[in-house]
Amino acid sequence: MAHRERSPSALADTLASWREMFDRRTAGANVGAGLVVAMVAIPLNLALAVACDLPPAAGLVSGAIGGLIAALFGGSRLNVTGPEVALAPLTAAIVAAHGIDGMLIATAIAGAVQIALGALRVGGLVRLLPRPVVGGFLAAVGVMVFDSQLPHLVGVHDGRRVAALATTLPEVSFDVLAIAIGALVMLVLIVLPRVVPRVPAPLVALSLAVGVVAWLGLDVERVAPLHGNALALHVPSFDRVDLAALLPNALALAALASVDSLLCAVSIDARTGGPSHRPDQELVAQGVANLACAAFGGMPVAAAVVRSVAAIEARGSTRLCGVVQSVVLLAVVLVLGPHLDLVPLAALSGVLLVVGAKLVDLSELAKLAKVRRFEAVVFVATAIAIVTTGFVEGLLIGFALAVIEHVTAQGAALRLDTHRIGQTHVARLEGPLVFASQHRAQQLVAGISDDARTLIVELEGVTHWDASGLAALRTALAPYAKRGASVEVVPGEGIPVDALERDLAGVARVRSRRESMQPRPRDAGSGLESLALDGAE
């Protein structure tokens, strides 16, 4: 008897991936890839921390500590973890409502929830998220980033958003220097990847902005320097934090960080074609990373698509790539922290505006509209709902719309083909016999014929079923049995015979598997009449 080959355990797979880091054939390439990813991560981490009204140290510390933990213990070898654009709007909202201490507590709660989700093995459920909902979620994040960073780009740092800025436009004093610096950064980020794809465009753009400001001695808003205690343990104060009001935000943060990380892992698997990630292990590692970030005064983290893709494009292949990225960020905190006041805020806004614009994927929306128009509606509705109501509410609305569309499609997919010879009618059901199609099943079967003396219902074409579908079939067949017609049901592979016998008892005789497998005479001749009832309403 052949034995199935069992996949290695999570522990064995992790130990094997640690050994891969020291393979001389790949170590050099992965060190280089880690350096490239760090060059991409430095400006992004700084920008995201500043965008959330946090000290710049929070972004670098989180990228270093959270990135190192996830790189060593995560369920994906090439997921690069750090502050993420998708988490920024919610993080900023938590900071505004509950302060930095509230944000740290929310990050710790989110980490604990992620560990629990991984332990309960629910990581694989992220694959159930419909594509339009994910696209709408990312688009909403992009819109929120634009809403928060455009005022910074024009030199307005009082917390106003685009709508408030537009209503007070005549009173706004625009900072021409800030706009010029931000425009320069965005130009480099857009043009440089097309000309020299392997060069880390964010670092080049940021370095150019710093150089121009220093060379010309421009008076613009700048990042605050890091202090010597940037890596100290931080115990948040619970005194002024309303835990009851904070808890829903913390749970939303856990959900977003989990979905973001697992979607990143799925996309990395698709790009590399290598070993599939372990979603539950990834959730636990991300949870531990968030707990550690909260302990050191950092901000929420998740696996970041931009940095993970940069790792692949730089020929990264093992966990060493993420480890090197984190070590470089740690060195920046320790060595270059006091000099961060050279970085203009407008440059960081320019970086985030380009990243946010990429999240609003209009080409994806156009593809969805061509495939199924309603999926494009779900995409747009999800984005609008998230922007107007919040992340959790918006995702639930988008998911509900996707479920409604799926249920409608399931109902329309059920078909019935019939033919007859004399008073014998043979009906073949094809498609899903489920709650979504129960009303259609009753209509189709009830419309076969009133004069049928023998009715044979073939279920070989039923793809899947549930109790509601079988109940609907019984309801539809009951009138035939009541009129004295002989009703027989031919089971298919998808429906157990005992379930049919139980649900159709007294209404129809269910053939055994042996009877069903015997060849039946094929109907032929002028007495055959085919009826297309799939369009009946």
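Bear in mind these aren't lab numbers, they're just calculated from the coordinates by the rules spelled out. Model, not experiment: these values are computed from the prediction. Backbone-built Cβ (ideal geometry, glycine too); neighbour counts: all protein chains shown.
Here are the numbers for the structure shown:
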{"item": "Estimated inter-spin distance, Asp53 and Leu218, nm [label 7 Å along Cα→Cβ]", "result": "2.6 nm"}
{"item": "Ranked His152, His406, criterion: other C-beta atoms within 10 Å, fewest first", "result": "His406, His152"}
{"item": "Separation between Cα centres of the range 176-202 and the range 54-132, rounded to whole Å", "result": "28 Å"}
{"item": "Long-range HN-HN contacts of Arg222 with modeled amide H, under 5 Å", "result": "Leu345"}
{"item": "Footprinting exposure proxy for Ser207, Ser363 (fewest neighbouring C-beta atoms within 10 Å first)", "result": "Ser363, Ser207"}
{"item": "Rg/Rg_globular for the range 271-372, with Rg_globular taken as 2.2 N^0.38 Å and Rg from C-alpha atoms", "result": "1.38"}
{"item": "Fully extended contour minus Cα-Cα distance, from Ser512 to Gln443, at 0.36 nm per residue", "result": "22.2 nm"}
{"item": "Residue list for the range 189-206, given a label point 7 angstrom along the Cα-to-Cβ vector of Leu342 and an amide N cut-off under 15 Å", "result": "203-206"}
{"item": "Length-normalised contact order of the range 1-129 in % [C-alpha pairs under 8 Å, at least 6 apart]", "result": "17 percent"}
{"item": "Length-normalised contact order of the chain in % [C-alpha pairs under 8 Å, at least 6 apart]", "result": "23 percent"}
{"item": "Long-range amide H partners of Val301 with built H, under 5 Å", "result": "none"}
{"item": "Estimated distance in nm for a label pair at Ala29 and Leu187, the labels positioned 7 Å out from Cα along Cα-to-Cβ", "result": "3.7 nm"}
{"item": "Debye, to nearest 20: dipole size of the range 1-111, +1 on Lys, Arg Cβ, -1 on Asp, Glu Cβ", "result": "460 debye"}
{"item": "Lys367-Ile404 pseudo-label distance in nm [points 7 Å out on the Cα-to-Cβ vector]", "result": "2.6 nm"}
{"item": "In order through the range 399-411: 3J(HN,Hα) via Karplus (6.51 cos²θ - 1.76 cosθ + 1.60), integer Hz, x for Gly, Pro", "result": "5, 5, 4, 5, 5, 4, 5, 5, 4, 4, 5, 4, x"}
{"item": "222 nm mean residue ellipticity, helices alone, for the chain (DSSP H n ≥ 4; -39,500 (n - 2.57); rounded to 500)", "result": "-20000 deg cm²/dmol"}
{"item": "Derived scalar couplings ³J(HN,Hα) [the range 185-198; Karplus, 6.51 cos²θ - 1.76 cosθ + 1.60; whole Hz; x for Gly, Pro]", "result": "4, 5, 4, 5, 5, 7, 7, 4, x, 6, 8, 10, x, 7"}
{"item": "For the range 209-225, 3J(HN,Hα) per residue [Karplus equation, 6.51 cos²θ - 1.76 cosθ + 1.60, θ = phi - 60°, Hz, x = Gly/Pro]", "result": "5, 4, x, 5, 5, 5, 5, 8, x, 6, 9, 10, 5, 10, 6, 6, x"}
{"item": "Chain lengthening between Glu393 and Arg198 when straightened (0.36 nm per residue, less Cα-Cα)", "result": "66.3 nm"}
{"item": "Rounded to the nearest 20 debye, dipole of the chain from Cβ charges on Lys, Arg, Asp, Glu", "result": "1380 debye"}
{"item": "Burial ordering of Thr318, Thr382, Thr463, fewest other beta-carbon atoms within 10 Å first", "result": "Thr463, Thr318, Thr382"}
